[in-house]
Every structure is written in C-alpha cells, then in structure tokens.
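Here is the structure we will look at, set down as structure tokens.
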Amino acid sequence: MRFTYKASIAALSTAAVLSGGAFSASAEQLTGDLKIFLDTSNPAPRATMEGAIAKFGEMHPDLNIETTIIDREAYKTQIRNFLTANSPDVANWYAANRMKPYVEAGLFEDVSDLWAEPEIAENLASTKGAMTIDGKQWGVPYTYYQWGIYYRKDIFEELGLTEPTNWEEEKANCAKIVESGRACYAIGSKFLWTAGGWFDYLNLRTNGFDFHMDLANGNVSWEDERVQKTFANWRELIDMGGFLENHQSYSWQEALPFMVQGEAASYLIGNFAVAPLREAGLTDDQLDFYQFPVINPDVALAEDAPTDTFHIPSGASNKDNAKAFLRFMVSPEVQTTINAGDALGQLPVNAKSTVDDDKFLNEGFTMLSSNSPGGVAQFFDRDFPAEMAKVAMEGLQEFMVRPDNLEAILARLEKARGRIYK
Amino acid sequence: MTSTAVPPPPQRPRSWYKRNEISLTPWLFLIPAILFFLLYVVFPIIQSFQLSAFQWDGLGEKEYVGLSNYRELWDDPAFYTSLRNNLIWLLLYLLAIPAGLFIALFLNQTVTGIRIYKSLFFFPFVISQVVVGLVFTWFYDPSFGLLNSALGLVGLGPVNVLGDPAYVTYGIIAAGLWPQTAYCMILYLTGLNAVDPEQVEAARLDGAKGWKMLWYVIVPQLKPATFIAFVVTIVGALRSFDLISIMTNGGPFGESRVLSFYMFEVALSEYGFRMGYGAAIAVVLFLIMLCFITYFLYSMYKDQKGR
C-alpha cells in the first residue's frame, strides 16, 4: 500500500552488524549472478532492503548481485513487462489474489519445495495460506502489518471513554464524540481503498472470515441478506455522522491532519499511518490502538494484515541463487532487523524473530498471533479480484456519501459479479 | 591539318532517378513522415480495432470474443456517465472561444504596460495542467478553500464541488477553461492584428458601432482565428484527462470520468488490465473524434479549393 517512512541510516548500520555473524557460517558459497527487482522506493524501505542485500552479498563474495529499485507506483505496471520480457531472478509483490494473475499466466515459479523445508514450514506457517494458490506456494512473505483503530487517547480521556470491545460500546463512544463536535473516524476515500478497509472489518465482524472469503471468491451474492446486514451496521455509523465530512475529496494522508488537530478522534487504518502521525507531533501518550470491536459475538475475530512478498519469476536464469536469497530474507535474524521500528517498522513473518519494542508493533503482533482466531485476510483489494475490487470500492465510497443508493449499488455489484467470476 | 574532332563525351543514359526526379523528390521527403505516421498512428488504430474484439489481460492468451466488449459497453452505466461527461465537456469548453474573444478585444488597445497585462492573461496557459488542477483543487477545498471562504462571507453554505457528483464535472471544466480561454485569447489577439483598419474605417463612416461593428465587421475577419480556436478547443475537450486525474481521479464514485479517463482506468490503471474492453472504449472515442476530424478536414479542403 502507500506509505512513507522516516529514513534512519544509523539504525541500518546496527541492523547490518546484528545480522552479520549469524549467517556466515551456515551458508555455502554462491557464485554467478543474482538480479533483484524491488519496489521499495521510499527512503527507509529502500535503505533497509539495500542493507539486507549488502549483507547477503558479504556472505557470498563471488556472487554478482544486481539490484534495481523501481518507483512503487510505476512498479505496479512495469512488473507485467519485466516478468514477460526480461525476468529478474527475484521480484517483490503482494500476496493472495494480487499475485493470482501472474501465477495463472505461469510467470511466477512454484516454490513449494522451499515451503517443504522445516525451517520455513514451521516458522512461516501463519502466512502459508496467503501464499498458496492451487495447493502450491508461489513465493515467500517478508513483511506484514496490522490494521485496526488508531485513536486519540487524550480525546477519549477528555470525554471519559474507554476502548470499546463490542458494537454497542463503539456506537455509544461515537455518539459522545459526535456530541463533542468531532468526527469519530477520519477517512480519506478519494482513492477508494480506505473504504475497502471499513467494509473488510464490518463484514468480517458481522459475517465472519469464511463468509468474507466466499464473497471475495464470488460464491455469494452481493444482494444476500448477510451482506445487507453488514451495510446496515455501517449505516448506523454513517447516519450518526461518525465519518469525517467530505472524505471523498481527501487521500488517506490528507485526512491525517483532522486526527492530528483533534477534529477526528480515531482512524481505521494500517500501521503505516503511525509514522506520519508521530511526525506530525502526536506522542505515544496521545495516540493509541484498539482492535476493531466485536459486532456479532458468534463469529470468530479475524483481521486484515496485508503481506508483502518475494517471488522468483519463472523466466529467471539463476533460480538456485534466488532461492538462497529467499531463504535468507525469511530467516529469523533478517526478519527481525528488516522489520524493526526504524527499518520497515512492520511485523516479521518468521515466528522465531522478535518484534521491535514499539507500542503499536507489539499490540499488532499480539493481536494477530493470539486474538485473530477466525483467520487473517489480506485486504479488500488483495482478496477480491482487481476488477471486482475496483467496481466494489467505488460502490462502497458511493454508499458512504449516499447511503440511500444502497439498493442500486448492490444491484450493480451483483451484475459485475456475474461478469467477473466465470 | 589534321583536325582532331573531339568526340562528344559518351552520352551516359540518365539514371532512372534523374529521369523521375521531379515527381520522386517530394515523396522522398515525405517518406519519414509517412513511415512514422503509419507506425505510430495508423497501425495502433488498426490494432485497437482488432484488440477490441478480444479479451486480454496483457499477460496470458488473447481470447476472441467478437462483439461482446461492445455489448458490455452498451449496458455499462459507467460508460454512459463518461459519454455524458464528454458531451458536457464538449459543449461547455466552447465557452473558451467567446471568453477568449472578449478578453482579446479588451486587451487590444495601446495603454502603458499592455504587454504585461497580456502576459498575465496568457499566464495560465503557460503553467502545466497539473498545476492548474492542484490550484483549483485547493480553491474548491471544502474546509479551507478560497471558494468556500468567499461563499461563507455572503452566508452561503459550504459546497464540496469536487465531492458532489452534481457539480464535479462543471468544477473541473471551470478549471480547464482558465488556460483554454488564455489560449483562445492569444489566437484572437494575433487575429486582431490582421483586421483591416480601412474596413473598420469604412464601417464607421457607414455608422456601424458597438455590437453591430463587432458582429458584422470584426468577427468575419477573425474567421481563421475562430476556426483554429474551435479546433484546439474541441481537441482539448476530448483530451481532458490530466485535470480529471489530478483533481478527482474520476471520483466521487466515478461521476467525473470521461471516455479517455475511463479507457485508461479499464486498461492501464492499478485495478485495470482489461485491454480488450479498453480498446473498445478507445474505438468509440475515436469514432466521436472522427466526426470532428472529418469536419475539420472538409472545411480546410474547401478553403484550399476556394483559394
């Protein structure tokens, strides 16, 4: 997704030292070439990746590594060209349905053998589902992050509110926040996907993970009464005036100032929003996090945790080197360093790595590892096929602005479903 | 005496090129242009027509689907929204022509510093469309925009121009008119230089002034400028892409899309890659443009013949 990080060179040098000794002994020497394409163009991820690759290069001095970093947005279209025409040996991408077109076109290499190795099979089990299509694994994850409600603790205290755990409390809180002249939820839906996050959570909490995935896979009608129920819950918040006004004109970044200035009390967003909120001056005493509350107590809690991945293109010429690199990137030590608060600032995928000592990373890690029994979804635009996601997110935005149009919107989505899934 | 008759130099047969030089040379000069035109214009057009009969995600196999892309367009509400917006663009964008004319008339005088005023009026055309889009986005911003501050002063409620499906297209067109008017103004300013002062004099003697002078004497003489202004404005309206992309990204919920933007979204954006469907939209857009292109070519042809 889209986020920016604070660069921290100092942290990287520490990172490099940390991961230094651990590997030099175990790995055998690689020779030849390794061509890596990455989309980590923002300063901090870029430095993180370059640091990790440099480390890998030190372990294999005879290996000639060539790294190309492409602008994050441009990468999304360029990947189609370089996978077909001029394959690198390693390329990064996203899990689940976002990798499906490339898997189906035979452009990603099956790496099920990596997943059969005990090192990976045991430690990366939690993300295996997101990497699996047709019973095979097509890449390895390298980072993921939680979604949830980030809120202004000081405003909650001022109004005497506590972190809600169920829907009634959530609505009661919101009513009080609205009464105080603020919006409950900051959101910027100009680029649509933020509305997808809301739908994900409302639907996961109302109907559960399995139903959500059925909907994503086109097995359930959009006009189903269970979907209607999700929208009815959503509408309660909309009618209350819970959402930031004119959100359709803002990007997610443009909605942040409302939260910083205290005009909105909370924000359902991914962990990448923490960095800009801190940079804007919110301290950890002002900013806090809670898991999206229970709506229907009969369904198990499930979360969104988008996963970023490494793949070996099927046209790669140095697949063995590439596999060694993938093993290196998911190893516990490397996972710990590249996901540290001052590097990627996200969660490590390896169960044996340690989470950096950061309030939000710790909360997210606990939530995802012990309080998400229902399952872990990727994100609306990664779980639903791209075409469906586009049409649907437009409908979701329309619903948030014109809730009365719901019937027409759902009819439109249902028609799109008939066309898209065959 | 021995006369040595110098034999005339052997008449070498003239080469084929030399014999046909007059008729060939123009073609030689034209070849690069023709080749590039074929390669980069004609060939892609044919390719788009062909592609519109396929279903293709840009990666896998193309699947022939006949006319089904067009059938889908036929009952795609987003397509009609785009088409409707295209028509609104075409109509309202033409306002740039009279607006440009009046600013040109206003500026067509000799006052100290008139060059500065002219450049100031021309300024919006010089800056990038992206900047125009950004400036207007801030101008319309519902919470701190100048427009709503001004409306607030006279007691009118805040209007979220770019967030309201009823106003959004008009809001973007207003932004587009700003540079386009400047463009038309410059065309008319040069046109006004060519207006025959004797005719104006004669008309004045006959008692023409004001609107009559403008309509019957000045405007007819500006016909070439009007024609060019019309062409660039129509083309500008049909090309309206950058402003939409910058200001609303097609939103809210797709209400500000035009055909070119919809085509881009369907075929090339993050969630797109339906090449066949995109090509079908491109074909429709091409056919609309073709009407205007035919008209332009026809009137140019008529002009040339008349000379």
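Residue under question is residue A:61, and the condition is that it be assigned by the TED database to the domain that holds residue A:312, surrounded by fewer than 20 Cβ atoms within 10 Å (Cβ to Cβ), not in a helix (DSSP H, G or I) and not small (Gly, Ala, Ser); does it hold?
So residue A:61 passes the test.
So, in segment A:246-286, of the ones that are in a helix (DSSP H, G or I) and among the charged types (D, E, K, R), which residue ends up nearest to residue B:141 (Cα to Cα)? Write out each step before concluding.
Residues of segment A:246-286 that are in a helix (DSSP H, G or I), as a first pass: A:247-249, A:252-260, A:271-279.
Now narrow it down to the ones that are among the charged types (D, E, K, R): A:254, A:278-279.
Numbers: A:254: 11, A:278: 25, A:279: 24 Å.
Taking the candidates together, the pick is A:254.
Tell me, which residue of segment A:125-141 that is in contact with a helix residue (DSSP H, G or I) (Cβ under 6 Å, 6 or more places away or on another chain) and hydrophobic (A, V, I, L, M, F, W, C) is farthest from residue A:329 (Cα to Cα)?
A:133
Does segment A:54-61 contain at least one residue that is among the hydrophobic types (A, V, I, L, M, F, W, C), closer than 17 Å to residue A:316 by Cβ and free of Cβ contacts under 8 Å to residues at least 40 places away in the same chain?
no
Of all the helices (runs of 4 or more DSSP H) wholly in segment A:331-406, which have at least 3 residues that are within 14 Å of another protein chain (Cβ to nearest Cβ) and either within 29 Å of residue A:103 (Cα to Cα) or in contact with a strand residue (DSSP E or B) (Cβ under 9 Å, 6 or more places away or on another chain) (or both)?
Numbers: elements: A:332-338, A:359-370, A:380-383, A:386-401.
So the answer is A:380-383, A:386-401.
Can you confirm whether segment B:274-289 contains a residue that is closer than 30 Å to residue B:101 by Cα, away from chain A (no Cβ under 14 Å), touching a helix residue (DSSP H, G or I) at 6+ places or on another chain (Cβ under 6 Å) and modelled with pLDDT of 90 or more?
yes
Exactly one of (1) within 30 Å of residue B:61 (Cβ to Cβ); (2) part of a helix (DSSP H, G or I); (3) away from chain B (no Cβ under 14 Å) is unmet by residue A:110. Its number?
It fails just one condition, (2).
Applying the selection to segment B:47-77, what residues are more than 14 Å from chain A (Cβ to nearest Cβ) and touching an Asp or Glu at 6+ places or on another chain (Cβ under 9 Å)?
B:54
One residue is enough: does segment B:288-298 have a residue meeting the conditions surrounded by 23 or more Cβ atoms within 10 Å (Cβ to Cβ) and closer than 23 Å to residue B:185 by Cβ?
No, every residue in segment B:288-298 fails to be surrounded by 23 or more Cβ atoms within 10 Å (Cβ to Cβ) and closer than 23 Å to residue B:185 by Cβ.
Scan segment A:375-418 residue by residue and report those that are touching a His at 6+ places or on another chain (Cβ under 9 Å), under 17 Å from residue A:203 (Cα atoms) and not polar (S, T, N, Q).
Those that are touching a His at 6+ places or on another chain (Cβ under 9 Å), under 17 Å from residue A:203 (Cα atoms) and not polar (S, T, N, Q): A:375, A:377, A:383, A:400.
Here are some conditions: (1) surrounded by 14 or more Cβ atoms within 10 Å (Cβ to Cβ); (2) free of Cβ contacts under 8 Å to residues at least 40 places away in the same chain; (3) among the acidic types (Asp, Glu). Residue A:158 meets all but one. Which one does it not meet?
Among (1) surrounded by 14 or more Cβ atoms within 10 Å (Cβ to Cβ); (2) free of Cβ contacts under 8 Å to residues at least 40 places away in the same chain; (3) among the acidic types (Asp, Glu), residue A:158 violates only (1).
Tally time: how many residues in segment A:295-330 are over 28 Å from residue A:139 (Cα atoms) and crowded, with 18+ Cβ neighbours inside 10 Å?
2
Please find, within segment A:251-262, the residue that is nearest to the other protein chains (Cβ to nearest Cβ) out of those that are closer than 18 Å to residue B:253 by Cβ and touching a strand residue (DSSP E or B) at 6+ places or on another chain (Cβ under 9 Å).
A:255
Being of a type in the set (A, V, I, L, M, F, W, C) and closer than 30 Å to residue A:47 by Cα is the requirement here; does residue A:408 meet it?
no
Does segment A:407-422 hold any residues that are within 10 Å of another protein chain (Cβ to nearest Cβ) and either of a type outside the set (A, V, I, L, M, F, W, C) or in contact with a Cys (Cβ under 9 Å, 6 or more places away or on another chain) (or both), and which are they?
A:412, A:415, A:419, listed by residue number.
Identify the residue in segment B:239-263 that is more than 14 Å from every other protein chain (Cβ to nearest Cβ) and among the hydroxyl-bearing types (Ser, Thr, Tyr) and, among all such residues, is nearest to residue B:132 (Cα to Cα).
It comes out as B:240.
What are the pairs, 6+ residues apart or on separate chains, where a residue within segment B:133-155 that is within 14 Å of chain A (Cβ to nearest Cβ) and modelled with pLDDT of 90 or more has its Cβ under 6 Å from a residue that is loosely packed, with under 14 Cβ neighbours inside 10 Å and part of a helix (DSSP H, G or I)?
B:139/B:146
Any chance you could count how many residues in segment A:257-292 are touching a Lys or Arg at 6+ places or on another chain (Cβ under 8 Å) and either more than 30 Å from residue A:131 (Cβ to Cβ) or β-branched (Val, Ile, Thr) (or both)?
Qualifying residue count for the region: 13.
Filter segment A:52-90 down to the residues that are among the hydrophobic types (A, V, I, L, M, F, W, C) and within 14 Å of another protein chain (Cβ to nearest Cβ), then identify the one that is farthest from residue A:110 (Cα to Cα).
A:74
Any residue at all in segment A:81-94 that is in a helix (DSSP H, G or I), touching a Ser or Thr at 6+ places or on another chain (Cβ under 7 Å) and of a type in the set (A, V, I, L, M, F, W, C)?
No, segment A:81-94 contains no residue that is in a helix (DSSP H, G or I), touching a Ser or Thr at 6+ places or on another chain (Cβ under 7 Å) and of a type in the set (A, V, I, L, M, F, W, C).
Conditions: (1) within 14 Å of chain B (Cβ to nearest Cβ); (2) surrounded by 21 or more Cβ atoms within 10 Å (Cβ to Cβ). Residue A:49 meets all but one. Number of the miss?
(1)
Would you mind stating whether residue B:102 is without any contact (Cβ under 8 Å) to a residue 24 or more places away in the chain and either surrounded by 13 or more Cβ atoms within 10 Å (Cβ to Cβ) or within 29 Å of residue B:292 (Cβ to Cβ) (or both)?
The answer is yes for residue B:102.
Look at segment B:162-209 and say how many of its residues are part of a helix (DSSP H, G or I), under 25 Å from the mean Cα position of the chain (by Cα) and free of Cβ contacts under 8 Å to residues at least 24 places away in the same chain.
Number satisfying all stated conditions: 1.
Residues that are under 20 Å from the mean Cα position of the chain (by Cα): find the helices (runs of 4 or more DSSP H) completely inside segment A:157-219 holding 1 or more of those.
A:193-207, A:209-216
The values are calculated or read from the model by the stated rules, or taken from the named source; none is laboratory data. What you see is a predicted model; the values in this text were computed from it and never measured. Ideal geometry is used to build each Cβ from the backbone, glycine not excepted, and the neighbour counts take in all protein chains shown.
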